[in-house]
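A.B. asks: Once you've had a glance at the structure underneath, I'll fire off some questions.
Please treat every number below as a calculation from the coordinates, not as lab data. On a predicted model such as this, the values are computed, not experimentally measured, just so you know. Cβ placement follows ideal geometry from the backbone for every residue including glycine, while neighbour counts extend to all protein chains displayed.
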Amino acid sequence: MRALGRRIPWLILGILLLAAAAALVAGNLLEQRRGQAASNQLLEAAHAQRTAANIPPSPVVDEAGGLPQEALVSATHQIDGVLSLPTLGLELPVLSGYSEELLRLSPCVYQREGDGGRTVVAGHNYRAHFGRLPQLQPGDPVTYQPQEGDLLQLEVLSLEEIDADDRDALDAGSWEMTLLTCNLDQTRRILVRLGTAEASNP
């Protein structure tokens, strides 16, 4: 009986830890669903803007039928363009601003050189956003359609992994666009370097 009594606190602790882990997983899944819904709505807005249809996107609602604060998305968000990753079956709007709040909605322009070149697009590692970037291979096609401008035909040049705070590694090399996300434990950054198909295949 004494042995059982000594084990009870450990059993309770184990149950509490399991419950906390389950709550964390559930929260992450809910955040990912909201991110997917938000990017879908923004994609609709991007296409409407490009075709001058001026059609307001349908509202994003959560499971309770409400409008979650982080998913209050409308055509007033400034969309830089639409990124297409055919290998992954993804088409994602890219927001021109960057903040943690915006990043929960869709990938964002993280940095861009003054002449409009060498753009870094950052996205959360949600499965519906940039979570599957490591599945890409050199030579895979990528397109980027700016809201104003011509379609860019790109392809994957390389995949890299760098330290989370290594700015020099982020800027190094020759490329036209970089897709940036975190690894699963957020200790490293995954980079997908892109270049124009014409430049890489003369």
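A.B. asks: Would you please give the FRET efficiency between THR87 and GLU113, computed as 1/(1 + (r/R0)^6) with r the Cβ-Cβ distance and R0 = 30 Å, to the nearest 0.05?
C.D. replies: That pair, THR87 with GLU113, gives E of 0.65.
A.B. asks: Sort 173-181, 122-130 by the packing proxy (mean of other Cβ within 10 Å over each peptide's residues), most packed first. Present the calculation step by step, with values, prior to reporting the outcome.
C.D. replies: Numbers: 173-181: 19.0, 122-130: 20.9.
Top of the packing list down: 122-130, 173-181.
A.B. asks: Say a paramagnetic label sat at a point 7 Å from the Cα of TYR98, along Cα to Cβ; which residues of region 147-188 have their backbone N under 17 Å from it?
C.D. replies: Backbone N within reach: 162-173, 175-183, 188.
A.B. asks: May I have the pair-distance distribution P(r) for region 86-202, computed from all Cα-Cα distances with 5 Å bins from 0 and rounded to whole percent?
C.D. replies: Histogram of Cα-Cα distances, whole percents per bin: 2, 11, 22, 28, 22, 11, 3, 0, 0.
A.B. asks: If you don't mind, another one. Quick one: which residues, 5+ away or cross-chain, put their amide H under 5 Å from the amide H of LEU95? H built at 1.01 Å from N.
C.D. replies: Amide H neighbours of LEU95: ASP80, CYS108, VAL109.
A.B. asks: Post the alpha-carbon centroid distance, region 89-120 to region 135-159, in whole angstrom.
C.D. replies: The distance from the Cα centre of region 89-120 to that of region 135-159 comes to 14 Å.
A.B. asks: On to the next question. So, counting K/R as plus one and D/E as minus one, what does the shell of residues with Cβ under 14 Å around ASP163 add up to?
C.D. replies: Numbers: positive: ARG167, ARG188, ARG189; negative: GLU160, GLU161, ASP165, ASP166, ASP168, ASP171, ASP185.
Counting the neighbours of ASP163, the net charge comes to -4.
A.B. asks: For a quick check: with amide H placed at 1.01 Å from N, whose amide H comes under 5 Å from ARG188's, ignoring anything fewer than 5 positions away on the same chain?
C.D. replies: HN-HN under 5 Å from ARG188: ASN183.
A.B. asks: If amide H atoms are built 1.01 Å from N in the plane of the peptide, which residues on other chains or at least 5 residues away come under 5 Å of the amide H of VAL142?
C.D. replies: HN-HN under 5 Å from VAL142: LEU154, GLU155, VAL156.
A.B. asks: Ordered by residue, what ³J(HN,Hα) values in Hz, to whole numbers, does region 136-144 give under the Karplus form 6.51 cos²θ - 1.76 cosθ + 1.60, where θ = phi - 60° and Gly and Pro are x?
C.D. replies: For region 136-144, the Karplus-derived couplings read 5, 10, x, x, 5, x, 9, 10, 9 Hz, x marking Gly and Pro.
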